[in-house]
Amino acid sequence: MGLREAIKAKKFIVTSETAPPKGTDIFRMVEDARPLAGKVDAVNVTDLQSAVMRLGSLAGCYMLKQAGIDPIFQLTCRDRNRLALSSDLLSASALGIGNVLILTGDHPASGDHPGAKPVFDLDAVQLLNVARGLCQGRDMSGNKLNGKPDFCLGAVVNPCAEPIEPELIKMRKKIDSGAQFFQTQAVFDVERFGLFMDKVSKYNVPVIAGIVLLKSAKMALYMNDNVAGIYVPKALIERIDTAADKQKESVGIACGLIGRLKNICDGVHIMPIGWERLVPDIVDRAGI
Amino acid sequence: MIVTRKKETEVILGMLKGYKSVFLIGCAQCATMCKTGGEQQLCDMQALLEAEGKVATGKAILDPACHLVKVKQFAYQNKDAIKGADAILALTCGDGVQAIKDGIMGKTVLPALDTLFLGEFERGGHFSQKCVLCGECIIDKTDAICPITMCAKGLLNGPCGGSKNKKCEVDREKDCAWILIYERLKVLRKLENMEKIACPRDYSLQSRPQKVIV
């Protein structure tokens, strides 16, 4: 089932994610993603994640679509002005890409071209409005389009942001601007995520919880220290640290989290970070 | 005020290569406040150039260097000293360099400073940027905290999600502007300011170069 259909059917949504290569060899990305066809509802293609220069999300989405996977086009505000963003949205539509996830984007300072000029001509709220406007047949200046896109628009939210209120204010603005689903930052602390869901379930927008495959204690400690809104509990860090088979343990942890999340949110977004081949097994074992 | 920083000595000497005699100009206002273009810095620069075998034909501090009429008056009154110099080295902001170029026709004017930002004088030697001269002030809605300047991404509708411990994604030493704004608006009971969707900015207001006639 594609993303739009999954949302409509109110089923437990399962999405995953893939990153385009740094270079033109897209074969491996497509081969890694291929087993996800039929296992997940849609697959995000990241847009120069962590501000590292790579092949573009749009091309990646098109390749996934050719492979029979419903892609989610990630579009960040970091690298393009309003003309380029609007144009890329039209291009996505022309290529048959129907899902768009709109994000602010990491600052170039954190990437591999730190001297790049950050654009941020629009922010995520404004870009959602622009995308919605395009779907209604008008560009930002009110000009009429010759053919209009029909997107399923999504946005992101950080359920463990501290303080949470500004994040909730922004989430409401994103909903008012046309967001039809939310994917979240990685969740490891289910109780805290539950408190977030208590606050946002009244918004009546599907919330798809982020699942990052935990690869090592080192990765967990790095995320705790450096990534906003991610908190990996000590017990999970010890569990992955002492595991003989880290991949197996990682799958076990992910399945455990999904099992607990199943009843409190509308879906999960599995971010395998290179371990794409483990995702089908996780989906099967978690019974989703 | 305009905050400036002296260029590396090697860079200054590099741009002066081939020029034997130099006239030095500083500024009595911003560059003096920044200790980059005041009396002491002109003396230091003169000593440096002389140690490199160059001749300083004179030095002056304009008040201010960005005032074209004053530059022209100065040029008229000091034409002999200026005439004898191969180049002018300006210890001023970039505007001062160009006003000197416009006011003293026919002379090469070189910048000894890098022009950094419009800043606030906090205390001796400490300057901070609070405004990026965007041409459309919106800080009535944010309790006078400018997100265009203080947020690394210049966002208008709230935090980016990258802040950690209330600090910015780009520099964990700096406060997240939107959390500062949120906390102030909450105290003032004006959170509705943040709930309203801010429209995209009109960057045509920032078109360059600008000219204002009043």
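The values are calculated or read from the model by the stated rules, or taken from the named source; none is laboratory data. Computed from a predicted structure; not experimentally measured. Cβ sites come from the backbone with ideal geometry, for glycine too, and all protein chains shown count toward neighbours. All accessible areas refer to the heavy atoms of the entire protein, side chains included, with ligands and DNA or RNA removed. Shrake-Rupley method; radii C 1.70, N 1.55, O 1.52, S 1.80 Å.
A few remarks follow.
- Cα-based reach from A:Lys174 at 18 Å (exclusive), listing lysines while leaving out same-chain residues under 8 positions away: A:Lys199, A:Lys202, B:Lys153, B:Lys196
- Shielding of A:224-234 by partner chains, average beta-carbon count, 10 Å: 2
- Computed [θ] at 222 nm, helices only, for chain B once each DSSP H run of length n ≥ 4 contributes -39500 (n - 2.57): -8500 deg cm²/dmol
- Computed with a 1.4 Å probe over protein heavy atoms only, the accessible surface of chain A comes to 42 Å² per residue.
- Folded to 0 to 90 degrees: helix A:246-261 orientation relative to chain A principal axis, Cα: 70
- On Cα atoms only, tilt of A:124-135 relative to the major axis of chain A in degrees: 50
- Across the stretch A:210-225, coupling constants 3J(HN,Hα) worked out from phi with the 6.51/-1.76/1.60 Karplus curve, θ = phi - 60°, read x, 10, 9, 6, 7, 9, 6, 5, 4, 4, 5, 5, 4, 5, 4, 7 Hz, and Gly and Pro carry x.
- Each helix, a run of at least 4 DSSP H residues, gives -39500 (n - 2.57); summed and divided by the residues of chain A, these come to -12000 deg cm²/dmol at 222 nm.
- Restricting the trypsin sites (Lys or Arg not before Pro) of the stretch A:19-106 to loop positions (DSSP other than H, G, I, E, B) with no more than 12 neighbouring Cβ atoms within 10 Å leaves A:Lys22.
- Expressed in units of 2.2 N^0.38 Å, where N is the residue count, the Cα radius of gyration of the stretch B:112-214 is 1.20.
- The amide H of B:Lys130, built 1.01 Å from its N in the peptide plane, has B:Glu120 as neighbours under 5 Å, considering only residues 5 or more places off or on other chains.
- Taking amide H as placed 1.01 Å from N in the peptide plane, the amide H of A:Gln74 sits under 5 Å from that of A:Val45, A:Leu101, each at least 5 places away or on another chain.
- Percent RCO, i.e. relative contact order, over chain A, from Cα pairs under 8 Å lying at least 6 residues apart: 19
- Simple Cβ-charge dipole of chain B, Lys/Arg +1 and Asp/Glu -1, about Cα centre, in debye nearest 20: 240
- Taken about its Cα centre, the protein assembly as shown carries a charge dipole of roughly 720 debye when the Cβ of each Lys and Arg holds +1 and the Cβ of each Asp and Glu holds -1.
- Couplings 3J(HN,Hα) of the stretch B:10-15, computed from phi: 4, 5, 5, 5, x, 6 Hz, in residue order, whole Hz [Karplus 6.51 cos²θ - 1.76 cosθ + 1.60, θ = phi - 60°; x for Gly and Pro].
- The stretch A:176-231 and the stretch A:99-173: distance between their alpha carbon centers, rounded to Å: 18
- Listed residues A:Gly210, A:Gly60, A:Gly137, most fluctuating in chain A (Gaussian network, C-alpha, under 10 Å): A:Gly137
- Of A:Pro118, A:Ser93, A:Cys160, farthest towards positive along the dipole that unit charges on Lys, Arg, Asp, Glu beta carbons give the stretch A:90-194: A:Ser93
- For the set A:Lys173/B:Lys164; A:Lys11/B:Lys186; A:Lys117/A:Lys234, the pairs lying more than 27 angstrom apart at their alpha carbons are A:Lys11/B:Lys186; A:Lys117/A:Lys234.
- Along chain B, longest interval not containing exposed GluC sites (Glu not before Pro), exposed being DSSP loop plus at most 14 other Cβ atoms within 10 Å: B:53-135
- Taking Cα centre as origin and charging only the Cβ of basic (Lys, Arg, +1) and acidic (Asp, Glu, -1) residues, the dipole magnitude of chain A rounds to 560 debye.
- Using the alpha-carbon positions of the stretch A:173-288, Rg (one decimal) and Dmax (whole number) come out as 14.5, 48 Å.
- Anchor B:Lys166: aspartates and glutamates whose Cα lies under 15 Å away (excluding residues fewer than 8 positions away in-chain): A:Glu162, A:Glu165, A:Glu167, A:Asp225, B:Asp175, B:Glu183
- Average beta-carbon neighbours from other chains, 10 Å sphere, peptide A:120-131: 5
- Averaged over the residues of A:165-174, the number of partner chain Cβ atoms lying within 10 Å of the residue Cβ comes to 6.
- In Hz, Karplus ³J(HN,Hα) per residue of the stretch B:192-206 (6.51, -1.76, 1.60; θ = phi - 60°; x = Gly, Pro): 4, 4, 7, 6, 6, 6, 7, 6, x, 6, 9, 6, 5, 5, 9
- Around the amide H of B:Ala60, modelled in the peptide plane, lie the amide H atoms of B:Leu24, B:Ile25, B:Gly26, all under 5 Å away and 5 or more residues distant in sequence or on another chain.
- Most mobile of B:Pro111, B:Pro200, B:Pro159 in a GNM of chain B (Cα contacts under 10 Å): B:Pro200
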